[in-house]
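Working notes, beginning with the structure itself.
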Amino acid sequence: MEDWKFYMPTRIRFGWGRFKEIREVVEELKGKKIFLVTGRNFARKSGILEKISDYLNGLKLEVFAEVEENPSIETVDQGAAKCKEAGCDLVIGLGGGSALDGGKAIAMLQKNPGSIRQYLDQERTCQVKGLPCIAIPTTSGTGSEVTPFTVVTHRAKKAKPAIAPPENFPDVALVDPELTMSMPIEVAASTGLDALCQAVEGFWSTQSNPVTRSLSFQAIKLAMESLESACFKKDKESVTNMALASHLTGIEMSNIGNTAIHPLSYPITLDYGVSHGFACAIFLPAVIRFNAQAVEERFRDLLRILNLSSVEAFADRVESLMDTLKAPRRLRPFGVKMEEIPQIVKRGMGRSTAWNPRPMAEEDLIQLCKTIL
Ligand code: NAD
C-alpha cells in the first residue's frame, strides 16, 4: 500500500446560481472593505461586475479591473499597492486563472512586504497568511480557486514562475458554473483543454496518490464527455460538468502539481502568444503516446469507461476532440522554427517534468516537439 497525505483548507461552495451567495461569504469572513480583482473587459461586458456590485451593495467595494492574461509582476504590484492604499480587509478574485492568481498574490502582499518579484525569485518567502481571499472562477480550466499556486509572468526572465505557499490557498472557492456561460467558444475550448491536460497529468503523475487519482479519473471522464457540448451547445449539464472537471483538477493539482505538459507550455505562451490552454493541449497527444507503455495498467479502467481499446486510441480521441474544437495541433503556424526547439525545451523543462511516468530526457522532449512542429 502507498503512503500518502492530502490537504485542502479551502471551503467550497459549488452550484449553478450560487454567485448570489457572495454577500453571505463576505460576511462569514467579516469583510467590510472589499478589493475586487478581475480582468480588463469581460467582467464589465458580461454583466458579472454589475451583478457583484449589486450583491455587495452597502459594503465598500474597490474594483481593480486591470489583470491581463498571464498577469505580470507589474500588474500584481500595482494592484497590491492600490489595495493597501484603499485599506481593504478582504480580496475577491473574479475571473479566469489570471484574475484568480492576481487576487491571491495581492491578498498575500497585504501582509508580506515587498514585490511579488522577490517571492518569484526566491529572495523572500511568504511568512504569514495574507488578507482573507475569495476565489470565483469564470472559466473552467485552471482550478486556481482551490490551489496555493500563483503563476506570474516574469518578463525580464521570459518565464512564468509560480509560488505555492500553503498560506496562499483561497479561504473560500465560490464556483458557479453559470458564470462561465459568457465565455466565447475559443476561451471555453482552450480553458477546457487545460483542465483535461491537468487531469491527465495528475492521473499519471509519479506524485499521485489514491485520492488525487480518483479526482483526476473523474475529471478526465467529465472533460472527455462534456467539453464539446459545453463549448457548442452550452447546455447546463455539460457546462456544469466542465466547471466540476476543472475544479477537481485544481484540488488534485494543489497536492501534487503537474508533470511535463504545463512547463513546456510556458515558452509557447510567452514567445508565440498562444493561450495557456491551447499551449498545453498542443503537447497532449504526443506526450500521451510517449507515455503509452508506462501508463497502460493505470489507464485500464479509464479506457473501458471511455470505450477505448488502447492508450494510443485515447491519444487519437483527444486529437479528434481538439480538431472539433479547432484547437491548434502544430507549432509551426505560430512561427516556431525547428532550430528553436532545443531552446524551448531547455526553458520549458521544469521540476515537474521529473514526475512524468516515463523518464524524460531533454533529447526525448526535443524529438517529441519535432513530431508536432
Ligand atoms: P485567463 O484567466 O487568462 O482568461 C482568458 C480570457 O478569457 C481573458 O481575456 C479573460 O478576460 C476572459 N474571460 C474569463 N472569463 C470569462 C467569461 N466568463 N466570459 C468571457 N470572457 C472571459 O485564462 P485561464 O486559462 O482561466 O487562466 C490562465 C492563467 O492561469 C495562466 O496565467 C496560467 O498560468 C494560470 N494557471 C494558474 C493555475 C493555478 O493553480 N494558480 C493553474 C493553471 C493555470
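Here is how the numbers come out for the structure above:
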{"quantity": "Test: residue in the stretch 17-28 that is in a strand (DSSP E or B), crowded, with 16+ Cβ neighbours inside 10 Å and at negative phi", "calculated": "no"}
{"quantity": "First in the stretch 168-186 and under 22 Å from Pro9 (Cα atoms) and more than 11 Å from the ligand (Cβ to nearest atom), second anywhere and open to solvent by 10 Å² or more (accessible area, probe 1.4 Å) and among the acidic types (Asp, Glu), Cβ under 7 Å, 6 or more apart", "calculated": "Leu174/Glu21"}
{"quantity": "Flag for Arg44 being part of a helix (DSSP H, G or I) and basic (Lys, Arg)", "calculated": "yes"}
{"quantity": "Meets criteria (surrounded by 13 or more Cβ atoms within 10 Å (Cβ to Cβ), in a loop (DSSP other than H, G, I, E, B) and out of contact with any helix residue (DSSP H, G or I) (no Cβ under 6 Å at 6 or more places or on another chain)) for Gly58", "calculated": "no"}
{"quantity": "Of all residues making up the stretch 141-155, the number that are open to solvent by 10 Å² or more (accessible area, probe 1.4 Å), within 8 Å of the ligand (Cβ to nearest atom) and outside any strand (DSSP E or B)", "calculated": "2"}
{"quantity": "Contacts under 6 angstrom Cβ, first residue in the stretch 57-77 being closer than 26 Å to Glu21 by Cβ and free of Cβ contacts under 8 Å to residues at least 60 places away in the same chain, partner open to solvent by 40 Å² or more (accessible area, probe 1.4 Å) and away from the ligand (no atom under 11 Å from the Cβ), 6 or more apart", "calculated": "Lys60/Lys33; Phe64/Lys82"}
{"quantity": "Single unsatisfied condition, Gln367 versus (1) of a type outside the set (A, V, I, L, M); (2) open to solvent by 60 Å² or more (accessible area, probe 1.4 Å); (3) within 13 Å of Leu264 (Cα to Cα); (4) without any contact (Cβ under 8 Å) to a residue 40 or more places away in the chain", "calculated": "(3)"}
{"quantity": "Number of the exception - Val345 against (1) in a helix (DSSP H, G or I); (2) open to solvent by less than 40 Å² (accessible area, probe 1.4 Å); (3) over 22 Å from Asp271 (Cβ atoms)", "calculated": "(3)"}
{"quantity": "Unmet requirement for Asn307, which otherwise passes all of (1) within 13 Å of the ligand (Cβ to nearest atom); (2) in a loop (DSSP other than H, G, I, E, B); (3) among the polar types (S, T, N, Q)", "calculated": "(1)"}
{"quantity": "Pairs where the first residue, in the stretch 319-335, is in a helix (DSSP H, G or I) and the second is open to solvent by 50 Å² or more (accessible area, probe 1.4 Å) and not acidic (Asp, Glu), C-beta under 9 Å, 6+ apart", "calculated": "Glu319/Arg329; Met322/Arg329; Asp323/Arg329; Thr324/Phe232; Arg332/Met338; Phe334/Gly273"}
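So that you can scan it fast, the table gives a plain yes or no per residue for (1) of a type in the set (A, V, I, L, M, F, W, C); (2) over 30 Å from His154 (Cα atoms); (3) modelled with pLDDT of 95 or more:
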residue: Ala230; (1), (2), (3): yes, yes, yes
residue: Leu248; (1), (2), (3): yes, no, yes
residue: Tyr272; (1), (2), (3): no, no, yes
residue: Leu302; (1), (2), (3): yes, yes, yes
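To keep it simple, each residue is scored yes or no on (1) under 22 Å from the mean Cα position of the chain (by Cα); (2) surrounded by 13 or more Cβ atoms within 10 Å (Cβ to Cβ).
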{"site": "Leu308", "(1), (2)": "no, yes"}
{"site": "Val336", "(1), (2)": "no, yes"}
{"site": "Pro357", "(1), (2)": "yes, yes"}
{"site": "Thr371", "(1), (2)": "no, no"}
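The values are calculated or read from the model by the stated rules, or taken from the named source; none is laboratory data. Note that the structure is a prediction, hence the values are computed from the model and not measured. Note that each Cβ is placed from the backbone with ideal geometry, even for glycine, and that neighbours are counted across all protein chains shown. We work out accessible area using only protein heavy atoms, side chains counted, and drop any ligands, DNA or RNA first. Shrake-Rupley method; radii C 1.70, N 1.55, O 1.52, S 1.80 Å.
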